[in-house]
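Here the structure comes first, spelled out in structure tokens, and everything after it is commentary.
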Amino acid sequence: MARKHKGLSFYRKEKTITNERLSAFASYLFMVFLGALLAYFFVYTLGLKTTVIGTSMEPSLYNGQVIFLNRIVYNIIPPKRGDIVAFLPNGNSNAHLSVKRVVAVPGDSLEIRDGILFLNGEAENEMFDDMISDPGIASEVIKLKEKEYFVMGDNCNSSEDSRSANLGAVNIEHITGKAWFHMAGGDTGIGFVE
């Protein structure tokens, strides 16, 4: 008959923390850290969204359409012709972001004559579907200074833009970001802004 031990037992207890468990835990922590880092990056770059107000950007963007902005890109490269940008009109931080297309960049000369935009002396017939009915301040040649951008709505005859004397050329410091994605109308799809 086996003798029962009373009192203390000195059997070796199995380790509960093994190298495999430590490795799995470290891998889990790394994945959480990487996910948080990616989330921070996307919130910082795409974290700003705005709504298009009015019909000035039709047919590219529509009234009430939500767009997401890339706020980093213009810290790396300057806006170029054709970019759709969101900016604070006259730098007014209390104003809603305005969304327009860049038609001229620093150093460009522009003028609107006979309903056509002339950029550096060349007629830009393809830029707008309609003839431009109101040249505004661009009825005379405008030479853009450093950091100045001339913006217009795609629906140029229903747009208050750089042609207006109270807005004029937009300074790079007032540009919040480049329109990057938009919510597709009527559903939850997302598309690139062109």
Problem - Scan of segment 50-64 for residues that are surrounded by 13 or more Cβ atoms within 10 Å (Cβ to Cβ), out of contact with any helix residue (DSSP H, G or I) (no Cβ under 9 Å at 6 or more places or on another chain) and part of a loop (DSSP other than H, G, I, E, B), ordered by number - result: Val52, Ile53, Met57, Ser60, Leu61, Tyr62
Handout entry: Odd one out for Ser109 among (1) touching a strand residue (DSSP E or B) at 6+ places or on another chain (Cβ under 7 Å); (2) in contact (Cβ under 8 Å) with a residue 60 or more places away in the chain; (3) surrounded by fewer than 16 Cβ atoms within 10 Å (Cβ to Cβ); (4) under 15 Å from Phe150 (Cβ atoms)
Key = (2)
Exercise for the section: Scan segment 122-135 and give yes if some residue there is under 18 Å from Ala179 (Cβ atoms), surrounded by 17 or more Cβ atoms within 10 Å (Cβ to Cβ) and either touching a Lys or Arg at 6+ places or on another chain (Cβ under 6 Å) or at pLDDT 90 or above (or both), otherwise no. Expected result: no
Completion exercise
Output for Cβ contacts, cut-off 6 Å, separation at least six or different chains, first residue at negative phi and loosely packed, with under 10 Cβ neighbours inside 10 Å in segment 16-31, second at pLDDT 85 or above and not in a loop (DSSP other than H, G, I, E, B), reads none
Exercise for the section: Check Ile67 against each of (1) part of a loop (DSSP other than H, G, I, E, B); (2) buried (at least 17 other Cβ atoms within 10 Å of the Cβ) and name the one condition it does not meet. Expected result: (1)
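Looking only at segment 138-159, which residues are in a loop (DSSP other than H, G, I, E, B), within 23 Å of the chain's Cα centre (by Cα) and buried (at least 16 other Cβ atoms within 10 Å of the Cβ)? Reasoning before the result, please.
Residues of segment 138-159 in a loop (DSSP other than H, G, I, E, B): 140-141, 144-147, 153-155, 159.
Narrowing further to those that are within 23 Å of the chain's Cα centre (by Cα): 146-147, 153-155, 159.
Selection gives Gly153, Asp154, Asn155, Ser159.
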Exercise for the section: May I ask you to list the residues in segment 93-137 that are part of a loop (DSSP other than H, G, I, E, B), on the phi < 0 side of the Ramachandran plot and of a type in the set (Asp, Glu)? Expected result: Asp108, Glu124, Glu126, Asp129, Asp130, Asp134
Problem - Selected residue (only one of Val193, Val170 is of a type in the set (Val, Ile, Thr), surrounded by 17 or more Cβ atoms within 10 Å (Cβ to Cβ), within 23 Å of Ser60 (Cα to Cα) and at pLDDT 90 or above) - result: Val170
Completion exercise
Among the residues of segment 61-79, the number that are within 18 Å of Asp154 (Cβ to Cβ) and in contact with a strand residue (DSSP E or B) (Cβ under 7 Å, 6 or more places away or on another chain) is 7
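The values are calculated or read from the model by the stated rules, or taken from the named source; none is laboratory data. Please read all numbers here as calculations on a predicted model, not as lab measurements. Glycine gets a Cβ as well: all are built from the backbone with ideal geometry, and neighbour counts include every protein chain shown.
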